[in-house]
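The values are calculated or read from the model by the stated rules, or taken from the named source; none is laboratory data. All values derive from a computational prediction rather than experimental measurement. FYI the Cβ positions are ideal-geometry reconstructions off the backbone, even for glycines, and counts take in every protein chain you see.
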Amino acid sequence: MLTIVGKKQRFCDGASRRQFLKIGGLALGGMSLPQVLKAESQSSSAKVGKGLSHKGVIMIYLSGGPSHQDMYDLKMKAPKEIRGDFKPIATNVPGIEICQHMPRLAKMMDKFAIIRSLHGCPDQHASDLCLSGYPIGGGKRQSGHPSLGAFLSKLQGPVDRAVPPFVGLTTKTRHAPYSNPGVPGFLGLAHAPIQPDGEAMANMRLNGITADRLSDRKALLSSVDRFRRDADASGIVEGMDAFTERAFGLLTSSKLVEALDLDKEDKSLRDRYGRGSSSPAFGEDAGPHWMDQFLMARRLIEAGVRCVTLSFGSWDRHGANFSRLPTQLAKLDQGITALVQDIHDRGLQDDVSVVAWGEFGRTPKINKSAGRDHWPRVSCGLLAGGGMRTGQVIGSTNRLGEVPKDRPVHYQNVFATLYRQLGIDPANTTVADQAGRPQYLIDHRDPVDELI
């Protein structure tokens, strides 16, 4: 958290001036913000300018692996030990049926696309695959590859100097791979996601300067204390004054603080999204049922962020699958439909892509604990916005929901689609790694034709 000494001045909301400034505390993976800004400026392809329109993406990780056959691919003709307790309901798109516990989604299926035949997932509990297209491999997060948000930061840079291009809202979990917000891989910490209220901001402190003197640039620069110089492998500290000034401008910018302030939204809209809590869902070690984050993600994208990542729910249902999923599905149903409807109401449906998925599917056969176990042979995904063709189902699984049957789609093919809709050509775009070697963004570079 950025610490600035200030008077105990009270505001109408009951917060002191010092507390207000702390709202903007942001973490950058252990690297001081001036260093990040310096490194970012070395990106020759960064595009910055006032008034530029931009594309954005909201990536929703369903931590633990959602059950495809209990959401979008119900198998009513299968034996009872496979089909489970839930019933399908019709949607507003003829011929498409989904789970009874997602009625809001059913009423606006024309604004969504479902993929029922996702493959390419290992048996691995982690968000890595869903945020980069790569699982953990070789002892490295995302197999050493950058996340989609990190690539956007590198290739397109910030829309506004006062707003970071990549923000991770993912909450911390005991099982660390669940809470990866999208590491930057070989791109380095300059392109890591900024995380509100992260711990690493304790490394950037402005000591000996009061809130009354923040406008004094000379005093500000003289008060910067102990930036991490051990990361200065390429002259990052050189010219620190200019980048410290920009860091200060970002951290104290009202744009980012206001984007995180949901009280600025109309109460009826907040009620449409739902409120939720930052606590882990069901008290388990996974994501929260925090529908507020969907609204915060939309606000951040509008403020100029290019990519927002978040986690939602506890989907590792080895037991109590049919008693807990109704609650969880209803919360996801409320939050994601409110987000997509809001995007359409604001005319952003061609500019903001939304994807919601997990790391694998669940076993077709229900176990003795009334749950489903890990099933990496097939999974499912939900997409919306971004100018994509919606109101359709892509692919299918066999009679028991075991494997893709028609139109198998690799996770990376979805990433290729997202990159394309974000204005990046996945077939030809490369980025140099730390050794200077050009690397493609993904290995499977063909987009899903049905979506474009």
Of those in segment 31-85 that are modelled with pLDDT of 50 or more and hydroxyl-bearing (Ser, Thr, Tyr), the residue surrounded by the fewest Cβ atoms within 10 Å (Cβ to Cβ) is Ser53
Identity of the residue in segment 248-276, over 19 Å from the mean Cα position of the chain (by Cα), surrounded by 12 or more Cβ atoms within 10 Å (Cβ to Cβ) and of a type in the set (Gly, Ala, Ser), that ends up modelled with the lowest pLDDT:
Gly249
Of the listed residues (Gly182, Gly188), the one being within 18 Å of Val431 (Cα to Cα) and either free of Cβ contacts under 8 Å to residues at least 24 places away in the same chain or touching a strand residue (DSSP E or B) at 6+ places or on another chain (Cβ under 7 Å) (or both) is Gly182
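From Gly423, Gly401, grab the single residue that is of a type outside the set (Lys, Arg), in contact with a helix residue (DSSP H, G or I) (Cβ under 9 Å, 6 or more places away or on another chain) and under 25 Å from Gln142 (Cβ atoms).
Values: Gly401 fails: under 25 Å from Gln142 (Cβ atoms).
The unique qualifying residue is Gly423.
Return the residue satisfying two criteria in turn: it lies in segment 126-166 and is polar (S, T, N, Q) and under 24 Å from Ala286 (Cβ atoms), and of such residues it is surrounded by the fewest Cβ atoms within 10 Å (Cβ to Cβ).
In this case the residue turns out to be Ser143.
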Some residue of segment 349-367 being under 18 Å from the mean Cα position of the chain (by Cα), surrounded by fewer than 21 Cβ atoms within 10 Å (Cβ to Cβ) and either in contact (Cβ under 8 Å) with a residue 40 or more places away in the chain or within 19 Å of Ala303 (Cβ to Cβ) (or both)
yes
Could you name every one of the strands (runs of 3 or more DSSP E) located completely within segment 47-150 that has at least 3 residues being without any contact (Cβ under 8 Å) to a residue 24 or more places away in the chain?
88-90
Here are Gln328, Gln334, Gln349: which of them is outside any strand (DSSP E or B) and either in contact with a Leu (Cβ under 8 Å, 6 or more places away or on another chain) or under 24 Å from Ala416 (Cβ atoms) (or both)?
Gln349
Show the residue pairs meeting these rules: Cβ distance below 9 Å; 6+ apart or different chains; first residue within segment 327-345 and farther than 16 Å from Lys267 by Cα; second residue surrounded by fewer than 20 Cβ atoms within 10 Å (Cβ to Cβ) and among the aromatic types (Phe, Trp, Tyr).
Thr327/Phe282; Gln328/Phe282
